[in-house]
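Asker: Structure below; questions to follow.
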Amino acid sequence: MINQNRTFALMATAFVIGAAVAASILGARSQAAISAVAPSATEMQFLMQKPLWFYVTTTIKTPTSEQITAHLNHQVDLEKRGIMFAAGPVTDVNGKAEYGLVVVRAQSAEEAKHIADSDPMHINGLRTYTLHQWNLHEGHIDFGIDFHDSHVTAK
């Protein structure tokens, strides 16, 4: 827990310094853009304290366009609430869809299962899934700011 708290403090400090420098260079118009994508210190701590889980989905029945829309709306809701870390289809080297992969933040297998079970695709029996815990140890997240138009992007 001490290392996790130290990591959080370092990340939060780096982000705050970066955001302050960008805001001072770009002005008030960009402060809103930075705030829109930047999690608060409380949100960062909340997100870092939850383990990551992923579920692999397999389509068993073809969904209708309405069911796909309901699924995508559900995914966006999870994303906005800071529950979903990442999601999308996995393809082979030729681009053929093989299965879906959804990575979520949850304290337990039960919570992760509840999240997966809440997907309209699973509720309607259109997909099945297998649940796995993921221990993320390495990686990198980067973002950029285009100074000319204050556009913030993830890289």
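Asker: Tell me, yes or no, whether the range 123-134 has at least one residue that is in contact with a Leu (Cβ under 7 Å, 6 or more places away or on another chain) and outside any helix (DSSP H, G or I).
Answerer: Checked against the condition, which is being in contact with a Leu (Cβ under 7 Å, 6 or more places away or on another chain) and outside any helix (DSSP H, G or I), the range 123-134 yields at least one hit.
Asker: Do you know which of the residues in the range 33-50 that are touching a strand residue (DSSP E or B) at 6+ places or on another chain (Cβ under 6 Å) and surrounded by 16 or more Cβ atoms within 10 Å (Cβ to Cβ) is modelled with the highest pLDDT?
Answerer: Lys50
Asker: Can I ask one more? Quick one: count up the residues across the range 62-91 that are touching an Asp or Glu at 6+ places or on another chain (Cβ under 7 Å) and farther than 12 Å from Ser118 by Cα.
Answerer: Result for the range 62-91: 3.
Asker: Of all residues in the range 45-85, count the ones that are among the aliphatic types (A, V, I, L, M) and in contact with a Leu (Cβ under 8 Å, 6 or more places away or on another chain).
Answerer: So the answer is 4.
Asker: Name, by its number, the condition in (1) at pLDDT 95 or above; (2) closer than 18 Å to Lys50 by Cβ; (3) touching a strand residue (DSSP E or B) at 6+ places or on another chain (Cβ under 9 Å) that does not hold for Phe85.
Answerer: Status for Phe85: all satisfied but (1).
The values are calculated or read from the model by the stated rules, or taken from the named source; none is laboratory data. The model shown is predicted, which means the values in this text are computed figures rather than measured ones. As a convention, Cβ positions derive from the backbone with ideal geometry for all residues, glycine included, and neighbour counts pool all protein chains shown.
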